[in-house]
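Below is one structure, written out as structure tokens; comments come after it.
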Amino acid sequence: MKNYLILPAVLFSIVVGYSQKNKNAYELASPNGKNKIKFELVKNAPKYAVSHGKTEVITPSDLGFVLKGNEDLSTNFEIKGAKTSTFDETWEQVWGEKKKIRNHYNQLIVDLEQKTGNKRKLQIQFRAFDDGVAFRYVYPKQNVKDSIFIMDEKTTFNLKEDGKAWWIPAFKPERYEYLYTASPVSKLDTVHTPLTIESKSGLKLSFHEANLIDFASMTLEQTEGTQLKSNLVPWADGVKVRVKDAFTSSWRTIQIAEKSGDLIDSYLILNLNEPNKLGKPSYVQPYKYFGIWWAMHIGKYTFWEGEKQGATTAHAKEYIDFTAKEGLHHLLIEGWNKGWTPAWYENRMHMFSFTQSADNFDLEKVVEYGKSKGVELIGYHETGSNLINYMKQIDAGFALYKKLGIHTVKIGHVGSKLNMKEWHHGQFGVNYFRYVLEKAAQYDLAVFYHEPIKDTGERRTYPNMLAREAARGQEYNAWSEGNPPSHVVILPFTRMLSGPMEYTPGVLDVEIKQGYPGKRIHGTTAQQLAMYVTFYSPIQMLADLPENYNVPAMQFLKDVPTDWKDTKVLNAEIGEYLTTVRKDKNSEDWYLGSMTNEKSRDLTVSLSFLDTSATYEAQIYADAEGTDETHNPTAVAISKKKVKSTDTLHLKLGGAGGTAIRFKKL
Ligand code: NOJ
Ligand code: CA
């Protein structure tokens, strides 16, 4: 697991001589020298600026906080010390997009102290990586007696140039589940992060945060021109963060890339999280799964008891037989417990039970039947955002799963506010989601959240944090106007930069013949296959109804893994298209996924990623001739071809289409 290579802190090239001329200014460069952070105390106020090569990215911007009583923690400072160091380590992911990740950065730590008043101390830590920069605040325990109430964060990001930003709004009832808007930075609303921007000079930037613990999430507010300001998500009473006597903010991160695909190939967020605390527990496994789930979303079954009840013992047995027949080992059953009503999604304090089975459903019997067929159930807790109810039952609910040999739990949080009071993304929610993750580990449970807070890289520290929704997923295609084709080629460059997403792909009947009239998926079946490669998650649902998998394209879904040795992005433009290849962790095979927005596309890809000494069989699942979103969208052309690393392949994607390929080493 450990493979550390920590270089000694010899830093003449990192912190430029600069500091000798002006002891109030420091410059920190990334290992390859391209990304630079400049720190300076200007009229006693800390400021930072960022550049990439010759391009100024962030012009001098503010740092600091406002505390209770309007106490200003952003000025009146002097520098008490500045330390630099360098770090270079290669660590292994328990599961992930690639096995080994290099964490290489240069660091500057500046210790500040206010000159008068409470003489508060504040440390600011900066890290410069080759793929971006980050900084955070550390407020150490000190000689001020009162508790800390952060009323505002003063951090700004003054973008040198305008650009095209892809954003979803913050402070809205559907939490993180919105379609992206593309607009100039100067026209932004208050937005969630990751906020991805293509700047006028062509640089791709993504603003986010990493290692968010016991603090409020950062949203970004456009204040004037191209200036963005941190707008922390408050508690119901308006306080942004309350802590006893010390705090460490999350890292404010800016990923910087020259090509769109390089944003996806950046592991900066993970590198800013603490190393693995759990080791490699046997209950943490990547897998694919089926579910009694889509049938409820398309109206074939109901979540609640009654005539069309989805979670019955009889349906569960059918699904278990189907799961075993298709060679999968995990099944999610929603609506298994008491508390579901036709109004389950309404904003109110729902009273779900996490131990009592619904009528017509015998949990123990179903678990036993599953075991006899090699199929394990995935637990499901829909909290309805009533955490008062959930916290009373969480131990009993988790203990029940442990007793039954269930090792994963999906936990949902439908509702605009937690307990109808607090934003999901406030400090209360941040602490809740971390608490549940740690508690799950105590019960040997891996977790995937729906309606959670955004991902800030927790999976590095807690590999039982498998995936989360935290975006507008496939479910919207079942009952809303649906996700437009551009949505699925924006997600990999925005939401998915933060971590694995539970999009729930694999609905092969994209026209949803058994669903609500007029509701459908705005893409082709081949595109659904491609998502298993372009959308990274250690767990991937095969979301469709069992009867829709009786097609030749199912072979790809059986073959495609969910754990990878390596990942490369071959071509990409944000919101337009992308082609990703990944190497299976447990074989020599590679897989390719390519997706486009509404425009059909011919893409040529070099196969130079393949082993140079081998021949592969390319098993190609493409949009059939003339196929696009509205013409014969379920038609998948399957072909086979012998290829080598010196070959190129031409991919023909229909509008809203895709291609999926398995390269089987011969
Ligand atoms: C919304 C979730 O995203 C979905 O997966 C789940 O089926 C429903 N809530 C019910 O809990
Ligand atoms: Ca959802």
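What follows is calculated from the coordinates using simple rules that are stated; it is not laboratory data. Quantities reported herein were computed from a predicted structural model and do not represent experimental measurements. Reconstructed Cβ throughout: ideal geometry from the backbone, glycine too, with neighbour counts over all protein chains shown.
At a glance:
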read-out: Entries in K288/K644; K34/K454; K172/K300; K392/K439 that, when Cα-Cα distance is taken, lie over 24 Å; value: K288/K644; K34/K454; K172/K300
read-out: Dipole-positive endmost among M296, A467, Q427 within segment 276-470 (Cβ charges, Cα centre); value: Q427
read-out: Ranked by how many other beta carbons lie within 10 Å on average, peptides 34-44, 152-162 from highest; value: 152-162, 34-44
read-out: Ellipsoid semi-axes in whole angstrom, largest first, where each is sqrt(5λ) of the Cα gyration tensor of segment 297-424; value: 26, 17, 12
read-out: 12 Å beta-carbon shell around F428, net charge (K/R +1, D/E -1); value: +2
read-out: Whole-percent pair-distance distribution, where bins are 5 Å wide, for the alpha carbons of segment 2-271; value: 1, 6, 12, 17, 18, 17, 14, 9, 4, 1, 0
read-out: Mean residue ellipticity (222 nm) of the chain, computed from DSSP H runs ≥ 4 via -39,500 (n - 2.57), nearest 500; value: -4000 deg cm²/dmol
read-out: Angle in degrees between helix 313-325 and the longest Cα principal axis of the chain, rounded to the nearest 10; value: 80 degrees
read-out: Protection proxy ranking, peptides 436-442, 619-625, average beta carbon neighbours within 10 Å, highest first; value: 619-625, 436-442
read-out: Scattering curve values for the chain, log₁₀ I(q)/I(0), Debye with Cα scatterers, q = 0.05, 0.11 Å⁻¹; value: -0.23, -1.13
read-out: Share, in percent, of DSSP beta bridges within the chain that are antiparallel, nearest 5; value: 85 percent
read-out: Mean separation of Cα contacts under 8 Å, 6 or more apart, over the residue count of the chain: relative contact order %; value: 11 percent
read-out: Residue exposure sequence - I661, I333 - by fewest surrounding Cβ within 10 Å; value: I333, I661
read-out: Kirkwood Rh in Å, taken over segment 362-450 so that all alpha-carbon pairs contribute; value: 13.7 Å
read-out: Projected area averaged over orientations for segment 582-666, convex hull of C-alpha atoms, nm²; value: 5.4 nm²
read-out: Cα-Cα pairs of segment 163-237 separated by more than 21 Å (percent); value: 25 percent
read-out: Hits among lysines - C-alpha to C-alpha of K83 under 18 Å, sequence gap 8 or more where chains match; value: K21, K23, K36, K38, K47, K121
read-out: Net charge dipole size for segment 2-271 [Lys, Arg +1 and Asp, Glu -1 on Cβ; Debye, nearest 20]; value: 680 debye
read-out: Relative counts (whole %) of C-alpha pair distances in segment 126-251, using bins that are 5 Å wide; value: 2, 10, 18, 21, 19, 14, 8, 4, 2, 0
read-out: Surrounding net charge for F135, when Lys and Arg each add one and Asp and Glu each subtract one, Cβ distance under 10 Å; value: +3
read-out: Net charge of neighbours whose Cβ lies under 12 Å from the Cβ of Q125, counting Lys and Arg as +1 and Asp and Glu as -1; value: +3
read-out: Cβ-placed point charges (K, R +1; D, E -1), dipole of the chain about Cα centre in debye, nearest 20; value: 1800 debye
